[in-house]
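Accompanying notes for the structure given below.
The values are calculated or read from the model by the stated rules, or taken from the named source; none is laboratory data. The structure presented is a predicted model; accordingly, all values stated were derived computationally and were not measured. Cβ: placed from backbone, ideal geometry, glycine included. Neighbour counts: every protein chain shown.
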Amino acid sequence: MSFFKRSKDPDKKGFIYSVNFALEGVVHTLRSERNMRVHFLLGFLALIAGVYFNLPAVEFMLLCFAVSFVLVSEMFNTAIEHVVDLVSEEYHPLAKLTKDIAAGAVFVSAVNAVIVGYMLVVKRADIIMDKAFFAVKKSSWHITLIALLVVVGIVLLVKVVRREEKLLRGGMPSGHTAVAFAIWSVISLLTMNVLVSILVLFLAILVARSRMIGGVHKLWEVIAGAILGALTALVIFQLLS
């Protein structure tokens, strides 16, 4: 049926456009489904906790899989609900059963995530809290990763709240600029070397300038991204080091 097909406009082809179509689906689910927003927030916090507690690689992969499983299940649930509503506008027992089964799949995935999270993070929190706290304070790698994750998370959150059409290209604030200036802040704090700090700052400015020259971002969007990235990284280092 033709109404299920996407536009064949040649300008809408390519990897970037495919990613944008996929992100439109993610954003729609985040905006329209309260449960998806809750799952996304809890999953994000769980991954931050996994990094904070220095989980081994295998255990962290299991945590990532559990979080992704919940989010994917919620997205499939939303897609199935839309398809059912499209096919049958009136109440039908089979339509209700289909939606119930899809919701049940989300419930099963959520229970699985809770069990995995408990086994990997919560259960060992009391045992390794002190050790992990000092390890994070002494580990620049962990603080850097947490800082960059928080910067990216805040940028995406702002774009979702502002209902930006594209999350990877354009909009306020500039994500590339935010990450570039966050890296500048991190390197400056870790090296305490003026020359290195100036060189990295120059590279961050080049990144911001390239976004403006390419017509992707306006000046105020780039400035907002630079301030967001630099200040967020600075706050994370103040809290964890």
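In the range 107-119, the residues that are at negative phi form Cβ pairs under 7 Å with partners that are of a type in the set (Ser, Thr, Tyr) and part of a helix (DSSP H, G or I), at six or more places apart or across chains, as follows: Ser109/Ser73. Filtering Val186, Val194, Val200 for residues that are in contact (Cβ under 8 Å) with a residue 40 or more places away in the chain and over 16 Å from Gly153 (Cα atoms) leaves a single hit, Val186. With the requirement that a residue be under 12 Å from Leu120 (Cα atoms) and part of a helix (DSSP H, G or I), what does the range 53-87 give you? The answer is Ala57, Val58, Glu59, Phe60, Met61, Leu62, Leu63, Cys64, Ala66. Among the candidates His28, His92, the residue that is modelled with pLDDT under 85, surrounded by 12 or more Cβ atoms within 10 Å (Cβ to Cβ) and more than 24 Å from the chain's Cα centre (by Cα) is uniquely His92.
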